[in-house]
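Have a look at the structure below before the remarks.
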Protein chains: 4
Amino acid sequence: MILRIGVIGTGAIGQDHIRRITHSLQGAEIVAVTDVNAELANKVVKEEKLNAEIYGNGHEVIEADNVDAIIVTSWGPTHEEFVFASISAGKYVFCEKPLATTAKGCKRIVEAEEAHGKPLTQVGFMRRFDRSYRQLKKIVDSGKIGEALMVHSAHRAPEAPGFSGDMALTDSLVHEMDVLRWLLDDDYVSAQVLLPKRTRFAAEGLQDPHILLLETKKGIRISVESFVNCQYGYDIQCQVVGEMGTANLPEPASVAIRSEANLSNEILVDWKDRFIDSYDVELQEWIYSTIKGEVSGPTAWDGFVVAVTADASVEAKKSQKIEPISIPERPDFYSKSHVLHY
Amino acid sequence: MILRIGVIGTGAIGQDHIRRITHSLQGAEIVAVTDVNAELANKVVKEEKLNAEIYGNGHEVIEADNVDAIIVTSWGPTHEEFVFASISAGKYVFCEKPLATTAKGCKRIVEAEEAHGKPLTQVGFMRRFDRSYRQLKKIVDSGKIGEALMVHSAHRAPEAPGFSGDMALTDSLVHEMDVLRWLLDDDYVSAQVLLPKRTRFAAEGLQDPHILLLETKKGIRISVESFVNCQYGYDIQCQVVGEMGTANLPEPASVAIRSEANLSNEILVDWKDRFIDSYDVELQEWIYSTIKGEVSGPTAWDGFVVAVTADASVEAKKSQKIEPISIPERPDFYSKSHVLHY
Amino acid sequence: MILRIGVIGTGAIGQDHIRRITHSLQGAEIVAVTDVNAELANKVVKEEKLNAEIYGNGHEVIEADNVDAIIVTSWGPTHEEFVFASISAGKYVFCEKPLATTAKGCKRIVEAEEAHGKPLTQVGFMRRFDRSYRQLKKIVDSGKIGEALMVHSAHRAPEAPGFSGDMALTDSLVHEMDVLRWLLDDDYVSAQVLLPKRTRFAAEGLQDPHILLLETKKGIRISVESFVNCQYGYDIQCQVVGEMGTANLPEPASVAIRSEANLSNEILVDWKDRFIDSYDVELQEWIYSTIKGEVSGPTAWDGFVVAVTADASVEAKKSQKIEPISIPERPDFYSKSHVLHY
Amino acid sequence: MILRIGVIGTGAIGQDHIRRITHSLQGAEIVAVTDVNAELANKVVKEEKLNAEIYGNGHEVIEADNVDAIIVTSWGPTHEEFVFASISAGKYVFCEKPLATTAKGCKRIVEAEEAHGKPLTQVGFMRRFDRSYRQLKKIVDSGKIGEALMVHSAHRAPEAPGFSGDMALTDSLVHEMDVLRWLLDDDYVSAQVLLPKRTRFAAEGLQDPHILLLETKKGIRISVESFVNCQYGYDIQCQVVGEMGTANLPEPASVAIRSEANLSNEILVDWKDRFIDSYDVELQEWIYSTIKGEVSGPTAWDGFVVAVTADASVEAKKSQKIEPISIPERPDFYSKSHVLHY
């Protein structure tokens, strides 16, 4: 079976997904696209030589008879609406983050799925599909370092041109919020945000770096440094400290060079280079799972939990206090689908 | 266009290629197979649910009208015959090493291609498609370490169950012989083989390790340690020493673990894990090049050069002298097709 | 000039200092010793073949005419008394930590020095003399990574046999409290203590690990993990994150071994091996400074600041709140003597 | 007992030794000096405030009644004469390399010691005293990597201003010739020298780099790259490949810096920084051994063996053939004194 996909939103990330499905992955084809900018949708179909219908809006794509599954890569504030419509239509949907712009919106989607009777939505948190995170999880799960007690992690980017307000928390750290609870098989109970000395490279009026402190149900203490103007590179660090040892997220393989009185390894500067393979794995696994009628990646529930965590983090930044994170028990409904493939 | 492929030989490596073409890669399908063991061919077609005809022998596969290109993964001594027949039929052919069991056989294939008027053959040296070797070549080509002067490399495997005679040179080091001349854009002029103290883990009567010393036209000195019973892992090392610095082949990314008084990173033990991605890239690039009517990987010429080099190495091992390697000038014919994609 | 030293307390650390002064360092000799256990003092003098008088108590040592300087390595609660007496006698004194068991006691010593008119006391914080910390400070001071914004550090020991109560903070983390303000040339303004999930290897009733969060006057945010039952080794980590880069404390040099499918480097298990060279440098610099009439290492003021910081940390652990750290301005009196030698 | 030392030759290295004995080490004092440049000897005595007699020549130093032991740091061609005289006087002597300018000269010294009845001479090969080489030897001796089969090593310096002729072999690689036979507890049976492509940074008429291939009695194969204009740093590499694993010489500890898209560790550029600690250990151990009446470092025999090896290497470079190295059996006389302290 070839999965017939409709894409809502043909901006940068939409085009990327179209290209990988068309040229790199197996088991799917793009049969429908739409974009608020009709011309852009047209151009993409032509350039990629897609055999795809161009629709006037997302709802038409969702309703199209020959569309088996939806990819939502439109403007963030429209995600909730299209995911909701996909569920109503009983179609599987892959939605780039955010699932919805509010926790409430995410909750509504969760409830819609529960009403529908099975999960249909996968949220675009790609780190779970990253080979290095999977290597790390394998070690953590193996018991080799004992029970996890602490996590020290960092999310650094050379600069953050479009960042404003709390985007460091809501746009960038959401990836850590998702991947760390997956890594630890745990949930958060509180958040605190430290505001270190501000770098002179931050845009006017913006705080950078932040340190997000999370506590989990199991009592694990997590610190996540977010430093989006760190200048030197795009660098994702994660160390799990267990009762008997520590394990570090592998760094990307690179050539060790000895020159000019230095032994050096290149550090990536573009986040796309860091996670490009993960996107391939993410979409390929989504295609195969969808064909099987399962959601094996991050579910709407996971999207909801991250939204609640992000809200608490923003509040904690404002209040400068430890803020509780109240997450209801995960419905059994979501347990089965929460499967790790590696 | 979907490239329709006929596979001659459905043993382990043949099955691997069938699986990757069917489940991972794009642009091709298996339409014909054969094996000396007809039952095995049958079984593979069933298990992989191939829509492929089973033929009585390789020549029938090559001649089948709906077969665009051939993959030769049969027993080594039959390679020459099937590559030859593919060229006669004017069909592109991917042949696992060896291209032929003798340098003379390789030469005949080169001459057949010259007679045919364009290259059709790609030899299965997969290291050129390995990401880490490409990273290394990029640094070497960049001039960052100056002109290359020396290469120190090692090819180590935990054990070598089926090895006999000079297989360490003819079966294992041929990969270095191919990849190093590609890496340096150079050719060999002499070979010498040192016989270090024999490990007690070598099979009776077999020498292990070897050190192969190669000199190139540019005067670069290469040493390749071959140690196929090294016990500790499958480990490929390569350091290029240039006029202003050195560059090392990246090691596979792995989790750094601190436990039991050690900071450790896992070393692979199975060569398949080390080069599994390279096979995917190799075949995918071959499919796309073949569709375009080009040979972009190692050509019959490259297979010939490696065969000459391997012969000289075996002679050098026997004579314990420095043996000349005489390689004719590369025909212009092969220059264009020798393109690096990365 | 040979500095004639009197040692008060000939337990383990006292003997170590006696040995290094006698057999490894230059410029000093032990001329007087005492211990509450007179027999032990006797034994040490004999075994080390010291040409030293054995006195009945510390005060007699301090008052001995031929004693130029004092080393206090007696039981912690007696330190304040002997340092005080040394200052009264106008003699230079090297005091192992703690300078006094309370911040008040430290303050009294600071006041005694101010009354005396010049600093005489050096506190035994040896990390400032460690080669790796000095390498790190050199980089931080060079501006290469820009202004420091954050520090992530860890103090791990395999087990903590005699630990009770808050000793992880008051006995072990005091070293970080001292060395980090030296490293950053800064002072603390608040402390918070996180209590991660308790390791099953901690002694009954004891918390382990802790995370100490410190904020500095400059706004730098420091986290110090204290994990004294980490099982795997004695491991001191420190990463300074600056505006343009990061710098890590060097790890002890060790042999990289490839064996049994691992690339591994040994981690130390005994803290003495980690800092043994630092003690030599510490004492040697103390001898030479004392001969010159200076205090170049951590002063009584530094001891006082650490005591205040430790008190706030203990309070923060209890209150689970962010506790302010109020340190008066450093008297000019101490600025000059605060000299770094490297 | 304080060892009273006479120094013959107060040039750079002589002054270094005088300073370390006077200011850093224990158990010895300089009581006599001489130099062909009397003024220089004078200046050194004054500047270092030595309580030392200045003599007109080396023989007067050797004969001085109050001189217990000799350090020969004069011009290379005079070494043999002064070592010979020291042995005649029955005094212990530490001689910087070369022991003599010819293998024959070294042999004469060996014979003089045999006639005298016990070893008196230590040769200044300081690598045996280097902490990193001792760490490596400990691993090799432990059996952890099995029997040694091969050694891959490199001796690189950024530039070689004064080098001429075969100095890369006779002045620089002699350190590897000494330390590798100590490391492996073995002797050489043949040498071969490869001449790689010449770096454009080599002085006119000089070959650089070289690769020296040594075979040992046990059959171990050693390659030593000598690259004295490598530009990038002073870099000593050594990997021992054993039957079950490999072990690498530790690199000097350094700060890992992340900046400007690179993770980098500084490489030393000055050989003095690399081995400065080794000189301290070397001289301190020599002082203590001499006081005990032993030679625990490299003996005259070791100096002789290195001279024979260097001669064979020079010949092998010229002949471009494998040259035999004939070393007589080590006299029992030297076995006892060949003790490793670590």
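For segment A:233-277, a residue qualifies if it is more than 10 Å from chain B (Cβ to nearest Cβ), closer than 30 Å to A:His17 by Cβ and acidic (Asp, Glu), and the qualifying residues are A:Asp235, A:Asp270, A:Asp273.
Please work out if B:Asn248 is touching a residue at least 60 places away in the same chain (Cβ under 8 Å) and surrounded by 23 or more Cβ atoms within 10 Å (Cβ to Cβ). No: the conditions fail for B:Asn248. Within segment B:246-295, the set of residues being among the small types (Gly, Ala, Ser) and more than 22 Å from the chain's Cα centre (by Cα) comprises B:Ala247, B:Ala253, B:Ser254, B:Ala256, B:Ser259, B:Ala261, B:Ser264.
Going by the structure shown, is B:Ser88 small (Gly, Ala, Ser) and assigned by TED's automatic domain parsing to the domain that holds B:Val240? Criteria not met by B:Ser88. Filtering segment B:221-234 to residues that are within 22 Å of the chain's Cα centre (by Cα) and not small (Gly, Ala, Ser) leaves B:Arg221, B:Ile222, B:Val224, B:Glu225, B:Phe227, B:Val228, B:Asn229, B:Cys230, B:Tyr234.
Applying a threshold of 8 Å to beta carbon distances and a minimum spacing of six or more residues, or different chains, the list of pairs starting in segment C:68-80 at a residue that is more than 13 Å from C:Ile18 (Cα to Cα) and ending at one that is polar (S, T, N, Q) reads C:Asp68/C:Thr290; C:Ala69/C:Thr290; C:Gly76/C:Thr101; C:Pro77/C:Thr101; C:His79/C:Thr101; C:Glu80/C:Thr101. Checked against (1) in a strand (DSSP E or B); (2) closer than 28 Å to D:Ser313 by Cβ, D:Ala32 meets all criteria but (2). Candidates A:Lys118, A:Lys144, A:Lys107: the one that is out of contact with any strand residue (DSSP E or B) (no Cβ under 6 Å at 6 or more places or on another chain) and not in a loop (DSSP other than H, G, I, E, B) is A:Lys107. Condition check for C:Phe94 on (1) part of a loop (DSSP other than H, G, I, E, B); (2) within 17 Å of the chain's Cα centre (by Cα): one failure, at (1). D:Leu214 falls short on exactly one of the conditions (1) in contact with an Asp or Glu (Cβ under 8 Å, 6 or more places away or on another chain); (2) part of a strand (DSSP E or B), and that condition is (1). Of the residues making up segment C:74-99, those that are under 19 Å from C:His175 (Cβ atoms) and surrounded by fewer than 24 Cβ atoms within 10 Å (Cβ to Cβ) are C:Gly76, C:Glu96, C:Lys97, C:Pro98.
Considering segment C:8-29, and only residues there that are in a strand (DSSP E or B) and of a type outside the set (D, E, K, R), the residue that is farthest from the other protein chains (Cβ to nearest Cβ) turns out to be C:Ile8. Screening segment A:194-206 for residues that are in contact (Cβ under 8 Å) with a residue 24 or more places away in the chain, within 11 Å of chain C (Cβ to nearest Cβ) and not small (Gly, Ala, Ser) and picking the one that is surrounded by the fewest Cβ atoms within 10 Å (Cβ to Cβ) gives A:Leu195.
Counting the residues of segment C:141-159 that are crowded, with 19+ Cβ neighbours inside 10 Å and either more than 14 Å from every other protein chain (Cβ to nearest Cβ) or on the phi > 0 side of the Ramachandran plot (or both) gives 1. Is there a residue in segment B:46-58 that is in contact (Cβ under 8 Å) with a residue 60 or more places away in the chain, within 14 Å of chain A (Cβ to nearest Cβ) and outside any helix (DSSP H, G or I)? No, segment B:46-58 contains no residue that is in contact (Cβ under 8 Å) with a residue 60 or more places away in the chain, within 14 Å of chain A (Cβ to nearest Cβ) and outside any helix (DSSP H, G or I). The set of residues from segment B:1-24 being buried (at least 23 other Cβ atoms within 10 Å of the Cβ) and aliphatic (A, V, I, L, M) comprises B:Ile5, B:Val7, B:Ile8, B:Ile18, B:Ile21. Among the criteria (1) facing another protein chain (nearest Cβ under 9 Å); (2) under 26 Å from C:Lys97 (Cβ atoms), the one C:Val224 does not fulfil is (1).
The criterion of being in contact with a helix residue (DSSP H, G or I) (Cβ under 8 Å, 6 or more places away or on another chain) and either within 28 Å of C:Tyr334 (Cβ to Cβ) or of a type in the set (Phe, Trp, Tyr) (or both) holds for C:Ala28.
Considering the conditions (1) under 21 Å from C:Asp130 (Cβ atoms); (2) of a type outside the set (Asp, Glu); (3) crowded, with 21+ Cβ neighbours inside 10 Å, C:Pro209 is excluded by exactly one of them, (1).
Residues are listed down the side, and each one gets a yes or a no for (1) at the interface with another protein chain (Cβ under 10 Å from one of its Cβ atoms); (2) touching a His at 6+ places or on another chain (Cβ under 7 Å):
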site	(1), (2)
D:Val110	no, no
D:Glu113	no, no
D:Gly117	no, no
D:Phe125	no, yes
D:Ile139	yes, no
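Could you please find all residues in segment D:214-246 being among the hydrophobic types (A, V, I, L, M, F, W, C) and under 30 Å from B:Val269 (Cα atoms)? D:Ile220, D:Ile222, D:Val224, D:Ile236, D:Cys238, D:Val240, D:Val241, D:Met244, listed by residue number. Summed over segment D:160-193, residues that are within 12 Å of chain B (Cβ to nearest Cβ) and part of a helix (DSSP H, G or I) total 1.
Restricting segment A:37-62 to residues that are surrounded by 15 or more Cβ atoms within 10 Å (Cβ to Cβ) and of a type in the set (D, E, K, R), which is nearest to A:Ala12 (Cα to Cα)? Only one residue tops the list, namely A:Glu48.
The values are calculated or read from the model by the stated rules, or taken from the named source; none is laboratory data. The model shown is predicted, which means the values in this text are computed figures rather than measured ones. We place every Cβ from the backbone using ideal geometry, glycine too, and count neighbours over all the protein chains shown.
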